[in-house]
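Accompanying notes for the structure given below.
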4 protein chains.
Amino acid sequence: MGRWGDGVTQTRDTDTVTLFEFRDTKMKDIVDINIRVRYAETDQMGVAYYANYLVWFEVGRSEFCREKGFRYADLEALGYRLVVSDVHCRYRNSAKYDETIVVRTRLKHLNKRLITFGYQVLREDRVEMIAEGETQHICVDSHGKTKSLPEKFLHYLAR
Amino acid sequence: MGRWGDGVTQTRDTDTVTLFEFRDTKMKDIVDINIRVRYAETDQMGVAYYANYLVWFEVGRSEFCREKGFRYADLEALGYRLVVSDVHCRYRNSAKYDETIVVRTRLKHLNKRLITFGYQVLREDRVEMIAEGETQHICVDSHGKTKSLPEKFLHYLAR
Amino acid sequence: MGRWGDGVTQTRDTDTVTLFEFRDTKMKDIVDINIRVRYAETDQMGVAYYANYLVWFEVGRSEFCREKGFRYADLEALGYRLVVSDVHCRYRNSAKYDETIVVRTRLKHLNKRLITFGYQVLREDRVEMIAEGETQHICVDSHGKTKSLPEKFLHYLAR
Amino acid sequence: MGRWGDGVTQTRDTDTVTLFEFRDTKMKDIVDINIRVRYAETDQMGVAYYANYLVWFEVGRSEFCREKGFRYADLEALGYRLVVSDVHCRYRNSAKYDETIVVRTRLKHLNKRLITFGYQVLREDRVEMIAEGETQHICVDSHGKTKSLPEKFLHYLAR
C-alpha cells in the first residue's frame with residue numbers, strides 16, 4: 001500500500017519530459033466514485049463475482065478522466081484506443097448486493113504510449129479495503145498500431 | 001407451444017414474395033445448441049440471472065445462422081446490422097450452475113426488413129422447458145438507417 | 001404508453017383488498033434513477049448490448065423499493081424471493097457509452113403473489129425514450145414455493 | 001512461458017506431504033476447452049471486453065475439475081468455497097466475435113488451503129497466444145472461514 005503515497009512514476013525518456021513542468025501544479029491524486037452493487041453482479045456465493053471488479057475499475061478510470069477534464073470517448077473519437085495490456089487484482093474481502101462501494105482511482109505511471117492506473121475498492125466508509133489492483137494500457141490507433149497519446153491528453157492526465 | 005408447429009410466417013408484401021419459391025425445399029425448422037451454465041451467470045438466488053437468457057438467445061441465433069450457411073459476422077462485414085427492436089421471455093423454471101442447457105432457435109417471421117426468431121431453453125433431455133422467448137430484429141445499415149436484407153441472406157435464412 | 005397514466009392495477013380478490021385503504025394516500029407513481037452507460041455494456045455495434053436493459057430494469061426496481069421504504073435485500077433476508085416470470089422490452093433507440101440514462105420505474109400490478117413493474121429508459125433530458133418494458137415477479141420462499149408477500153411489504157410497495 | 005513446463009509446485013509443509021505419493025502417477029498437465037466468443041462479450045472496440053477473460057478462466061477451471069474427476073459444484077454442496085484471492089492477466093492480442101478460442105488450464109500450485117491455476121487463451125490453432133493469467137484461490141467454509149480442502153479433492157486435483 002505504500003505505493004499509493006508515491007507520486008506518479010513517469011519514465012524519464014524524452015516522451016515524458018514535457019510532463020515534468022506539471023510536477024509543481026497541485027495534482028488531484030485520487031478520484032473516487034460510488035457504485036452500488038447490482039444483483040446482476042452477484043453470483044451464487046452471495047457476493048459480487050470476481051470479474052466485475054474489472055468493470056468497476058473501468059468505471060473508476062472513466063471517472064478519473066472526466067475529473068481530469070476529458071472523456072475517454074473524446075479520445076476514441078480522435079481515433080485513439082487505450083487497450084488493456086495487463087490487469088492485476090487482489091481480493092481481500094467481498095462486496096454484497098446493494099452495498100455502496102467506492103472505487104478510488106489514481107495514475108501510477110504515465111508516458112506517451114503506456115498508462116498504468118491503480119485502484120482501490122473500498123467500503124462506503126472509505127476505510128476498509130475490499131480489493132486493489134492495477135491496469136496497464138497501451139495507446140494505439142484505430143488499426144491497433146502503437147501511437148503516442150496526444151500531448152493535450154497527457155497534460156490532462158498529469159494535472 | 002403450438003406455435004412451434006407452424007411454418008415460418010412470411011408477410012405477403014412484395015418484399016417477401018420471392019421467398020415463396022423456397023417453401024417446398026425441406027426446411028430445417030430448428031437449430032439446437034448446448035450451453036453449459038457458467039458460474040458468472042448465476043446470481044445470489046443460486047440460479048442463472050434473468051438477463052443471461054437474452055445472451056443465450058444470441059448464441060442460439062448465431063448458431064442458427066451458421067447452420068443456415070452464413071455467419072452473422074459476414075452480414076456485419078457487408079455493412080448490415082440486425083438491431084433488436086423487441087424481446088420477450090417467459091421463465092418457467094431456472095437453470096443451475098454447470099448444467100447443460102439446450103437453446104433451440106427457429107425463425108418465426110421473415111421479410112426483407114424484419115426478422116423474428118423464437119427460442120426455447122430446455123434441459124439437456126430436451127423435454128423440460130426452462131424458458132421461451134422471441135426477439136425481433138430490424139435490418140439497418142451502419143448508420144442505423146433501415147435497409148433491406150440482401151436477397152442472398154434471405155435465402156439462407158429461409159431454407 | 002397510455003398505461004403509464006393509469007393507477008396501479010390491483011386484482012380484486014381477497015388477497016389485495018386491504019391495499020385499497022391506501023388508495024387515498026398520495027402515491028409516488030414513478031421512481032427515477034440515473035445510470036451512466038459503462039464501456040463493458042457496449043458491444044461491437046457501438047451501443048449498449050440489449051441484455052443490459054434487463055440489468056438496468058433491476059437497478060430501477062431496487063431503487064423503487066428503496067424509495068418506498070425497504071430494501072429488496074430485506075425481503076430476501078426474511079426468506080422471500082421475487083423470481084422473474086416474464087420480461088418484455090421494446091427498443092426504440094440506442095444508448096451510448098458514457099451517456100447518462102434515466103431508468104423510470106413504476107408499479108403496474110400488485111397482489112400478494114404477483115408483482116408487475118413497468119420501466120422506461122430515457123435520455124438524460126427525460127423526454128426521448130430509448131426503451132420501455134415490464135417484468136413480472138412471483139413471490140416464493142427460499143425453496144421456490146409460492147408464498148404470499150408479507151403485508152408490510154405490500155403496504156410499502158403500494159404507498 | 002517457461003513456467004508452464006514445470007511440474008506443479010507443491011508447498012513442502014505437512015499439509016501437502018500426502019500429495020507426493022501421486023507424483024509418479026501420470027498427470028494430465030493441461031485441460032483445454034473451446035469457447036466461441038459471444039456478441040455480448042464484445043465491446044465498442046470490436047473485440048472481447050477485458051473482464052470476460054476472467055469468466056473464460058472460470059470456464060477453464062470448471063472444465064479442469066471435471067476432467068480430474070469432480071465438479072466444482074460437488075465441492076460447494078459439501079460446504080466448501082474456493083474464493084478468488086488474486087488474479088493476474090496479461091493481454092497479448094484480442095479475441096473477436098464468433099471466433100473459437102481455446103482456454104488451456106493447468107494447476108500451478110496446490111496445498112490444502114491455497115490453489116493456483118494458470119491459464120492460456122489461445123487461437124483455435126493452439127499456437128498463437130491471446131492472453132495468459134493466473135488465479136489464486138483460498139478454500140473456505142460456507143461462513144468464509146479458512147478450511148482445509150478435503151483430501152479426496154486434493155487427490156483429484158493432483159492426479
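The values are calculated or read from the model by the stated rules, or taken from the named source; none is laboratory data. From a predicted model like this one, the values you see are computed outputs, not experimental measurements. Every residue, glycine among them, receives a Cβ derived from its backbone with ideal geometry; neighbour counts consider all protein chains shown. These accessible areas exclude ligands, DNA and RNA; they are computed on the full protein's heavy atoms, side chains included. Shrake-Rupley method; radii C 1.70, N 1.55, O 1.52, S 1.80 Å.
Of these, D:Ser148, D:Ser94, which one is within 30 Å of A:Ile138 (Cα to Cα) and either in a loop (DSSP other than H, G, I, E, B) or of a type in the set (A, V, I, L, M, F, W, C) (or both)?
D:Ser94
One line per residue, one yes/no per condition, for (1) aromatic (Phe, Trp, Tyr); (2) buried (at least 18 other Cβ atoms within 10 Å of the Cβ):
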site	(1), (2)
C:Phe64	yes, yes
C:Tyr80	yes, yes
C:Cys139	no, yes
C:Lys145	no, no
C:Arg159	no, no
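Just to verify a result, which residue in the stretch C:53-65, among those that are among the hydrophobic types (A, V, I, L, M, F, W, C) and away from chain B (no Cβ under 14 Å), is farthest from C:Ala131 (Cα to Cα)?
Among those that are among the hydrophobic types (A, V, I, L, M, F, W, C) and away from chain B (no Cβ under 14 Å), it is C:Cys65.
Looking at (1) within 15 Å of the chain's Cα centre (by Cα); (2) within 8 Å of chain B (Cβ to nearest Cβ), which is the only condition C:Leu82 fails?
(2)
Please go through the stretch B:6-52 and give me each residue that is at pLDDT below 50, open to solvent by 50 Å² or more (accessible area, probe 1.4 Å) and among the acidic types (Asp, Glu), ordered by number.
Scanning the stretch B:6-52 gives B:Asp6, B:Asp13, B:Glu21, B:Asp24.
Of the numbered conditions (1) modelled with pLDDT under 95; (2) surrounded by fewer than 19 Cβ atoms within 10 Å (Cβ to Cβ), D:Met129 fails exactly one; give the number of that condition.
With (1) modelled with pLDDT under 95; (2) surrounded by fewer than 19 Cβ atoms within 10 Å (Cβ to Cβ) applied to D:Met129, the lone miss is (1).
Here is a check on your reading of the model: is A:Arg123 open to solvent by 30 Å² or more (accessible area, probe 1.4 Å) and in contact (Cβ under 8 Å) with a residue 24 or more places away in the chain?
yes
On the basis of being touching a Phe, Trp or Tyr at 6+ places or on another chain (Cβ under 7 Å) and either without any contact (Cβ under 8 Å) to a residue 40 or more places away in the chain or among the hydroxyl-bearing types (Ser, Thr, Tyr) (or both), does B:Tyr91 make the cut?
Yes; evaluated as a whole, the condition is true for this residue.
Please enumerate the residues belonging to the stretch B:31-45 that are at the interface with another protein chain (Cβ under 7 Å from one of its Cβ atoms) and closer than 20 Å to D:Leu54 by Cα.
B:Arg38, B:Tyr39, B:Ala40, B:Thr42, B:Asp43, B:Gln44
Of all residues in the stretch B:98-115, count the ones that are open to solvent by 20 Å² or more (accessible area, probe 1.4 Å) and either over 28 Å from C:Gly144 (Cα atoms) or not in a strand (DSSP E or B) (or both).
6
Which of the residues belonging to the stretch C:85-97 are open to solvent by less than 10 Å² (accessible area, probe 1.4 Å), under 13 Å from C:Val121 (Cα atoms) and within 12 Å of chain B (Cβ to nearest Cβ)?
C:Cys89, the sole residue that qualifies.
Select from the stretch C:53-73 the residues that are under 8 Å from the mean Cα position of the chain (by Cα) and outside any helix (DSSP H, G or I) and list them in ascending order.
None - no residue of the stretch C:53-73 is under 8 Å from the mean Cα position of the chain (by Cα) and outside any helix (DSSP H, G or I), so the list stays empty.
Just to verify a result, which residue in the stretch B:66-78, among those that are open to solvent by 20 Å² or more (accessible area, probe 1.4 Å) and among the basic types (Lys, Arg), is farthest from the other protein chains (Cβ to nearest Cβ)?
Of everything passing the filter in the stretch B:66-78, B:Arg66 is farthest from the other protein chains (Cβ to nearest Cβ).
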